[in-house]
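Down below is the structure, laid out as structure tokens.
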Amino acid sequence: MPTLFEKIIAGELPANIVYRDSRVVAFLDIRPAAPVHILIVSHKVIPTTDDIADEDESLIGHMVIVARDLARQQGIAKSGYRLIINCNPDSGQDVYHLHLHLLGGRPLGPLVQRT
Ligand code: AMP
């Protein structure tokens, strides 16, 4: 079964795409948690960070570089932002296709809720 994000990459599902190249696509999160909430998604299907192979090193670096550039474009590089990758159930990962959340545009508060 293709993931939701594979369908977006293939153009089979609509998305508000803000960047695309041969390795990643970036689009607006459908349920934004901040004024800027962009998902940077690898074309390669990697379910979780636990499935990243050593050979994916440059892809992961590329995802961060794309996030950096998008943060600059969005005008949040100096005010600040957060990059998040969820992995497996305790993180709340919902879509099992590697993606980096770029969040910013307001103070984001503590990284993790203290219980
Ligand atoms: P995660 O919990 O890290 O797997 O994040 C999945 C993210 O995908 C959530 O923030 C969702 O709001 C977002 N999402 C789910 N479906 C779509 C969609 N069709 N278009 C854009 N973002 C989506």
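Of the residues making up region 14-27, those that are among the hydrophobic types (A, V, I, L, M, F, W, C) and surrounded by fewer than 13 Cβ atoms within 10 Å (Cβ to Cβ) number 0. Checked against the criteria, Ala15 does not count as in a strand (DSSP E or B) and either within 11 Å of the ligand (Cβ to nearest atom) or under 26 Å from Pro110 (Cβ atoms) (or both).
All told, Arg106 falls short of being more than 10 Å from the ligand (Cβ to nearest atom), not aromatic (Phe, Trp, Tyr) and not in a loop (DSSP other than H, G, I, E, B). Do you know which of the residues in region 36-55 that are aliphatic (A, V, I, L, M) and touching a helix residue (DSSP H, G or I) at 6+ places or on another chain (Cβ under 9 Å) is surrounded by the fewest Cβ atoms within 10 Å (Cβ to Cβ)? In this case the residue turns out to be Val45. For Leu100, the conditions (1) outside any strand (DSSP E or B); (2) open to solvent by less than 60 Å² (accessible area, probe 1.4 Å) are fulfilled apart from (1). Has region 28-35 got any residue that is crowded, with 16+ Cβ neighbours inside 10 Å, in contact with a strand residue (DSSP E or B) (Cβ under 6 Å, 6 or more places away or on another chain) and under 16 Å from His101 (Cα atoms)? Looking through region 28-35, at least one residue is crowded, with 16+ Cβ neighbours inside 10 Å, in contact with a strand residue (DSSP E or B) (Cβ under 6 Å, 6 or more places away or on another chain) and under 16 Å from His101 (Cα atoms). Could you grab me the full set of residues in region 56-94 that are of a type in the set (Val, Ile, Thr), open to solvent by less than 50 Å² (accessible area, probe 1.4 Å) and in a helix (DSSP H, G or I)? If the condition is that a residue be of a type in the set (Val, Ile, Thr), open to solvent by less than 50 Å² (accessible area, probe 1.4 Å) and in a helix (DSSP H, G or I), then Ile60, Val66 are the ones that fit.
The values are calculated or read from the model by the stated rules, or taken from the named source; none is laboratory data. Note that the structure is predicted; figures quoted are calculated from it, not measured. Ideal geometry is used to build each Cβ from the backbone, glycine not excepted, and the neighbour counts take in all protein chains shown. We work out accessible area using only protein heavy atoms, side chains counted, and drop any ligands, DNA or RNA first. Shrake-Rupley method; radii C 1.70, N 1.55, O 1.52, S 1.80 Å.
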